[in-house]
Each structure stands twice: as structure tokens, then as C-alpha cells.
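Below is one structure; the comments refer to it alone.
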Ligand code: KIV
């Protein structure tokens, strides 16, 4: 049972124990209705800093603030009753020192009732992860392509190809040794993802990695076809809600201009209707 507001949610230890079992299912969410839609299907839901790009139109995740994460975290928490909630630490909220990371992680958990935080980085963040875990903050790590470092990685490229594979493997081992309860592997070659999954003790959560990972995560607006500015190769669109929404809005605009909407069933007469039998 969880110590967060969501009493039925798995604990980080339950997620850790799922290593090697039925793959863990996860999506991002930023709002209450989306969280409600996925609650019963997901083991954990991530309030991702991708919120900046998919809901706020930012060019990257670098402009996402603590206040944005807390606002969306609170909204998601209201929509969850069985999935665990993990919340991203935004860029600039944890890199400076372990103390800064603790202060901001504690605030995110206290104000949103998230069950864990996620932060980006491997070997260089291991001390911070150990510091947080020792002080009661469960941490999900995120390695491979770490979007908050887009400017030093030279874009959103595949990470860990050829000679660079050893560095990603070292990152995975470091975050596992530091006490992270799971690690997101983003945009790395399949063989490397499989090697990490079979090497480290904690569940690997793939996004652009391998079906052999211990779980998968996608950005919900990507998989529903709501975010259409671009589509990464690793995204599968399970629906086309963006196209459906545009078509619906065009139909509405046409009907308003033709005075076909509102129709009689949408408007009120000037007489009070006789109450139907049964009191309604
Ligand atoms: O912010 C995000 O959406 C993420 C991904 C791993 C899904 O970090």
C-alpha cells in the first residue's frame, strides 16, 4: 500500500519487484481527465516535464518550472486511484547540489502527493540519487537521451551507439547502485537496452529502447495523436485525436455559420416543462 494520497497505488518497492515479470505499463499525464483515462491500465503514471512541449508549446523541456510541475502534478493526483504517480524534477531544480535536489524533490512530493520523483542523469547524478534515497525520496532515474541536456548532447540523437555504449551501461549501473528503484532508457540501441536490462538489478523502462525492457513508457499526447508538431520514430500512434479534433472543430464552425447549431434540442423554450413522472 502507498503512503501517498493514492492508497491503492504500488510502492516503488513493488515496481522494483516487477523486474523480469510482466512488463510494466506507463504513460505520461498532465491533467485530471487524462489521468482518469489511464489509471486502471497503468502501473505508474509520470507527470513528465514533456508537459512544457506538449501542453504549453515550449520548444524544449528547459523552460519548465517547479510551479508548472506542481500545478500539473496536483491535477494528475486528483485523477489517480490505483496507479502510482511519479513526477519529473524540472531542469535547474536538482543539478546544483544534493541539498537543492532534496529541497525541490521534497516540495514536489509534499505538494502533489507523488510517490516518487524522476531525474535525468547517470554517473554524475549518482551521489544525488543516493542522497535523496537515504532521506526518504524514491528516485526513478532517466538515462540515454536526456532531453534536459539537449544542448550539450547536440540534439535529440540516439545515444550509446558504438563506443558510447559503455558510458550508458556505466550510467545504468551507477543509478542502480545509488538506489534508484527503476531507470528510464530513452532512445538507445535495442542491443544496449537488452544488455542493460539483463545486467542491472532494477526495472528498465523503455522509450525508444527495446521490447525486452521491464516496462514501457510513452508521452500520452504522442500515442493519442494529439501532439502532431513532430513524431519520433519510437512513437506509435494508437489514435488520431488531433485529426479527429480538427475535423470536429471544422464541423462546428460550419454549422455555426450556417445557423444549423444550436438545433432545437440544444435550446430552451419560454415555458417551464411539465415534470416527468418519477420526479425528473
Ligand atoms: O517528460 C517525459 O515525458 C519523459 C519521458 C520519459 C516520457 O521523461
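Tabulated values for the structure
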item	result
Selection status of residue 191, out of contact with any strand residue (DSSP E or B) (no Cβ under 8 Å at 6 or more places or on another chain) and either closer than 22 Å to residue 46 by Cβ or surrounded by fewer than 20 Cβ atoms within 10 Å (Cβ to Cβ) (or both)	yes
Single unsatisfied condition, residue 153 versus (1) in contact with a strand residue (DSSP E or B) (Cβ under 8 Å, 6 or more places away or on another chain); (2) surrounded by fewer than 18 Cβ atoms within 10 Å (Cβ to Cβ)	(1)
Residues that are more than 14 Å from residue 31 (Cα to Cα) and touching a residue at least 60 places away in the same chain (Cβ under 8 Å), drawn from segment 57-80	60, 61, 62
Residues (within 13 Å of the ligand (Cβ to nearest atom), in contact with a strand residue (DSSP E or B) (Cβ under 7 Å, 6 or more places away or on another chain) and part of a helix (DSSP H, G or I)) located in segment 115-148	148
Residue 164 being assigned to a helix (DSSP H, G or I), under 25 Å from residue 47 (Cα atoms) and more than 14 Å from the ligand (Cβ to nearest atom)	no
Check on residue 131, surrounded by fewer than 23 Cβ atoms within 10 Å (Cβ to Cβ) and touching a residue at least 60 places away in the same chain (Cβ under 8 Å)	no
Enumeration of residues in segment 26-63 that are closer than 16 Å to residue 112 by Cβ and touching a strand residue (DSSP E or B) at 6+ places or on another chain (Cβ under 8 Å)	28, 29, 30, 35, 39, 44, 45, 46, 47, 48, 49, 51
Any hit, segment 42-58, residues being at pLDDT 95 or above, more than 15 Å from the chain's Cα centre (by Cα) and surrounded by 15 or more Cβ atoms within 10 Å (Cβ to Cβ)	yes
Options 209, 182: the member that is within 23 Å of residue 133 (Cβ to Cβ) and in contact (Cβ under 8 Å) with a residue 60 or more places away in the chain	182
Lone qualifier among 110, 141 - being closer than 26 Å to residue 24 by Cβ, touching a residue at least 12 places away in the same chain (Cβ under 8 Å) and under 20 Å from the mean Cα position of the chain (by Cα)	141
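Residue-by-condition table, conditions (1) in contact with a strand residue (DSSP E or B) (Cβ under 7 Å, 6 or more places away or on another chain); (2) modelled with pLDDT of 95 or more:
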{"position": "171", "(1), (2)": "yes, yes"}
{"position": "185", "(1), (2)": "yes, yes"}
{"position": "212", "(1), (2)": "no, yes"}
{"position": "225", "(1), (2)": "no, yes"}
{"position": "270", "(1), (2)": "no, no"}
{"position": "274", "(1), (2)": "no, no"}
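The values are calculated or read from the model by the stated rules, or taken from the named source; none is laboratory data. Everything numeric here is computed off the predicted structure, so don't read it as measured data. FYI the Cβ positions are ideal-geometry reconstructions off the backbone, even for glycines, and counts take in every protein chain you see.
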